[in-house]
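Here the structure comes first, spelled out in structure tokens, and everything after it is commentary.
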Amino acid sequence: MKRRRHSARWIGLTRFSVLFSIVAILTLLLAGAAFAGYRYEQGQTTRILPGVRIDGVDVGGMTRAEAERAVSGRVGEILSRPIQVRVPGREWELSAQTLGTRVDVDAALNQAMAVSDSFGWPSRLYHRLLDKPIVRSFDLPVSYDDSIVASFVGTVAKQVHRLPQDASLDFESGRLLVEHSKAGQSLKVDAAESALLAAVRGTVSSLDLPVKVISPAVSDKTLGKTIIIRLSQNRLYLYDGVKVEKSYSVATGQLGIYPTPQGHFMIVNKRINPTWVNPAKDTWGAGEPDFIPPGPDNPLGTRAMDLSAPGIRIHGTPADYSIGHYASHGCIRMHIWEAEDLFNRVQVGTPVIIAW
């Protein structure tokens, strides 16, 4: 009886030992597997979890450097996006990058790498070993340096700016100088900057910067009348704008004695039936009356146009024989009827150019 009890006890102990051994072995195996899995996971910490995307590019399982290379094409697309900028007569072929666009690749990679921190290591091991993707997507952070756009617009504004040119007439070195009016232009800086900033941030590939036309103060049509007196020809030309309206034969100052002054002057006064006042009582006017009232013997005729040159005027003369000669004391003489004609065609302020 005792022998049976002893045998049963031994069998029980044996079974327990076997079971214990099996559990111990399994525990060791699981512990080993867990340790191996942990070690494996630790060795994968430099790689991004499966299923992570940056700007649509799958970077799962990649190292940081591999992911950076993988998204470089997309970065290049963003930075190299062409933007053509035009103004009248000029154009620039630019890119988003040259206009201040920046892509923060490091920030996107930091986000992708940090996804692992939101999972425990067993969960990370599960996704890595079984290639089970997680759904995470990050955009490439794009920023813009507005100061670069402002600087470029400022440069364009300087190149575009052109002052208007007024129409004008002049006489120099024996020839008539005609300047036709030309419009100027300036860049609408604020509007141009706003349009270009919007293009850089959007998808526009070309744009025309707004330009304002600056009209000249004096156009060919509004130049008005100009008198040019050619001393070498003893002739007066009346221009309307840049075209000759009429010309007249005149008498001018005696050469070397009482020359007619050359230069730029204007009509400062107009007189009908003027009174002649002796301007040189001590020289050539000696013996002449102090003044001569209007009438057929008046040296100024029936019309006189005083110039800004002191003592010089354009006037009619009863001495028709002097016309075409250097015969006056500096004034410009005209036939009386032609002086009346000119008088009606010009106004106070009309420019007068006297040249050889």
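So which residues in region 157-173 are at pLDDT 95 or above and touching a strand residue (DSSP E or B) at 6+ places or on another chain (Cβ under 6 Å)?
A157, V160, H161, R162, L163, P164, Q165, listed by residue number.
Output the qualifying pairs, or none if there are none: Cβ atoms under 7 angstrom, residues six or more apart or on different chains, first residue in region 318-332 and free of Cβ contacts under 8 Å to residues at least 40 places away in the same chain, second residue part of a loop (DSSP other than H, G, I, E, B) and crowded, with 18+ Cβ neighbours inside 10 Å.
P318/G301
Can you tell me how many residues within region 276-293 are touching a residue at least 24 places away in the same chain (Cβ under 8 Å) and assigned to a loop (DSSP other than H, G, I, E, B)?
3
Can you tell me which residue is nearest to N278 (Cα to Cα) among those in region 327-356 that are within 52 Å of the chain's Cα centre (by Cα) and of a type in the set (F, W, Y)?
F343
Would you confirm whether any residue within region 251-263 is surrounded by fewer than 17 Cβ atoms within 10 Å (Cβ to Cβ) and over 20 Å from G324 (Cα atoms)?
Yes - at least one qualifying residue is present in region 251-263.
Looking only at region 234-250, count how many residues are part of a loop (DSSP other than H, G, I, E, B) and closer than 18 Å to G324 by Cα.
Going through region 234-250 one residue at a time, the tally reaches 2.
In region 239-276, what residues are under 14 Å from I312 (Cβ atoms) and β-branched (V, I, T)?
Of everything in region 239-276, those that are under 14 Å from I312 (Cβ atoms) and β-branched (V, I, T) turn out to be V250, T252, T260, I267, V268.
The values are calculated or read from the model by the stated rules, or taken from the named source; none is laboratory data. Bear in mind that the values here come from a model prediction, so they are computed numbers and not experimental data. No Cβ is skipped: glycine too gets one built from the backbone with ideal geometry, and neighbour counts run over all protein chains shown.
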